[in-house]
1. Quick test for you: out of 143, 104, pick the one residue that is modelled with pLDDT under 90, touching a helix residue (DSSP H, G or I) at 6+ places or on another chain (Cβ under 9 Å) and surrounded by 18 or more Cβ atoms within 10 Å (Cβ to Cβ).
2. Tell me the residue from 69, 73 that is surrounded by 13 or more Cβ atoms within 10 Å (Cβ to Cβ) and assigned by TED's automatic domain parsing to the domain that holds residue 10, please.
3. Go through the residues of the stretch 78-95 one by one and say whether even a single one is surrounded by 14 or more Cβ atoms within 10 Å (Cβ to Cβ), modelled with pLDDT of 90 or more and touching a strand residue (DSSP E or B) at 6+ places or on another chain (Cβ under 6 Å).
4. Out of the stretch 3-41, which residues are surrounded by fewer than 20 Cβ atoms within 10 Å (Cβ to Cβ), free of Cβ contacts under 8 Å to residues at least 40 places away in the same chain and over 15 Å from the mean Cα position of the chain (by Cα)?
5. How many of the residues in the stretch 146-162 are part of a loop (DSSP other than H, G, I, E, B) and either modelled with pLDDT of 80 or more or surrounded by 15 or more Cβ atoms within 10 Å (Cβ to Cβ) (or both)?
């Protein structure tokens, strides 16, 4: 059984967002997608299949959603997904870390940039990152927010509270 279509997921579905520490190549993304589809097809919580879906954006952002109307994701099922993501690319020449929360993606004049938290803070203090700078917002809890709030101005993001 395949994962549910992302567009068919309810807007109140529970969501997890993972940002890779680098963009996957198209070839890597194809293999990753096949592997992740296979995982989701069998993803369960206490013997109940989870109604789940995902989307990969820019070969870098992974969104995973679970419609908890029939069965909620539990600690064990969430741990299984985390373990799967930790191990999915270990054998690659350049493994991907989906759990490094120390990087920030932002756009300046149609070009995407990446900066560590420390560098991003320095850019903010130097006014290179302004309230209008578009940033990737990886803080989501429900699917509905992923439609409008993935790339947002710095001033509307969690970043503004930190810097």
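The values are calculated or read from the model by the stated rules, or taken from the named source; none is laboratory data. Quick caveat, the model's predicted, so the values are computed rather than measured. Every residue, glycine as well, gets a Cβ built from its backbone with ideal geometry; the counts of neighbours run over all protein chains shown.
1. Values: 104 fails: modelled with pLDDT under 90.
Sole residue among the options that is modelled with pLDDT under 90, touching a helix residue (DSSP H, G or I) at 6+ places or on another chain (Cβ under 9 Å) and surrounded by 18 or more Cβ atoms within 10 Å (Cβ to Cβ): 143.
2. Values: 69 fails: surrounded by 13 or more Cβ atoms within 10 Å (Cβ to Cβ).
One residue alone meets the criteria, 73.
3. Within the stretch 78-95, none of the residues are surrounded by 14 or more Cβ atoms within 10 Å (Cβ to Cβ), modelled with pLDDT of 90 or more and touching a strand residue (DSSP E or B) at 6+ places or on another chain (Cβ under 6 Å).
4. Scanning the stretch 3-41 gives 7, 25, 26, 27, 30, 31, 34, 37, 38.
5. So the first thing to find is which residues in the stretch 146-162 are part of a loop (DSSP other than H, G, I, E, B), and the list is 149-150, 157.
Keeping just the survivors that are either modelled with pLDDT of 80 or more or surrounded by 15 or more Cβ atoms within 10 Å (Cβ to Cβ) (or both) gives 150, 157.
Of the residues in the stretch 146-162, 2 are part of a loop (DSSP other than H, G, I, E, B) and either modelled with pLDDT of 80 or more or surrounded by 15 or more Cβ atoms within 10 Å (Cβ to Cβ) (or both).
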